[in-house]
Structure formats: C-alpha cells, structure tokens
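What follows draws every value from the coordinates through simple rules; no lab data is involved. Just so you know, these numbers come straight off a predicted model, no measurement behind them. Don't worry about glycine lacking a Cβ; one is built from the backbone with ideal geometry, like all the others, and counts go over all protein chains shown.
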C-alpha cells in the first residue's frame, strides 16, 4: 500500500510539472495575446493602417483585423494545435485562406509564421500570403512584415504599429 502511494505521488508530481511547463509555442500564443487592443501606424508607402487584436472563443483563439486596405480588409485567426504547434489562418483579400505554422526567436519577441497550406487556392503558385513576422518591440509597439507570393514573385508589406491613443486611456 505504501509503494502504491509513492507511485501515485510521483505520477501526480510528473503530471503537475508537465502541466506547468509551457512550450515555446504556448509562450508565443500568450505573447500574441498581449497585443489585444487597437493599433495604428503606417505601411510601406506611408499609408495609414489600423490593426486590432482580441481574444475570442474562451481564450483559445486570437483574432486580428487589418483595416486600411479598402475593401480587402483582412482577418487572421491564431490558435494552438496541441501544445507544440501555433497556427495562423489568414482570411486574405485575395479570397483564399493560407494556414501557417509558427517558430519563435529564443527571446520570444519575434514570431515567424510560414506557409503550410491553403484553402480556396486556385493553383499552388496563385497569389497568397506566404510568410509573416511579428516583432514585439515593447508593450506599446510592434511590427508586422507580410510576404505575398504570386507566381514566383514576392511582395512585402511592413507595418510599424503603436497602441492607439484611445486604447491607452
């Protein structure tokens, strides 16, 4: 009986330690949650851009909305797929939905998403979002670098974003 209690105690200790240890992907997801709120800034050509982030679905997903590109405003959804994979689905103005997986810099401030697959993509080389890098500069400043691939050509869009004055009050 005493050995059974010891075994159960060890199992309980290992289980609780495993639950407390966060993977890099879980930490990245939590880092993205810190972006909740309204952001404003400039894109490459000096065009104003607004981006908002909010948690949804009981905290299991994060929604980002990019505004400022006219009728093709875009939504991205972030979620964990198990503890070791952070996913993003980008609902693009091009009418397709690329899915990307994340990798994270050692300091956790740079989260890079790379193309995995897409829905509603006419051909593999049709125009679609291929890559995005989120860099968390500090609590009130982050950047986003988006790469769009179209028949072998890449176009990059860079957003330099600061928390909206309204959101800070």
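The modelled label-to-label distance for the pair residue 47/residue 140, using points 7 Å beyond Cα in the direction of Cβ, is 2.8 nm. On a per residue basis, the convex hull of the C-alpha atoms belonging to the range 17-107 measures out at 121 Å³.
For a paramagnetic label modelled at 7 Å from the Cα of residue 147 toward its Cβ, which residues of the range 87-124 fall within the zone defined by backbone nitrogen distances under 17 Å? It comes to 88, 90, 98-105, 110-118, nothing else. Shape class for the range 23-168, computed from the alpha carbon gyration tensor (a ≥ b ≥ c): oblate, with a/c not under 1.5 and a/b at or below b/c.
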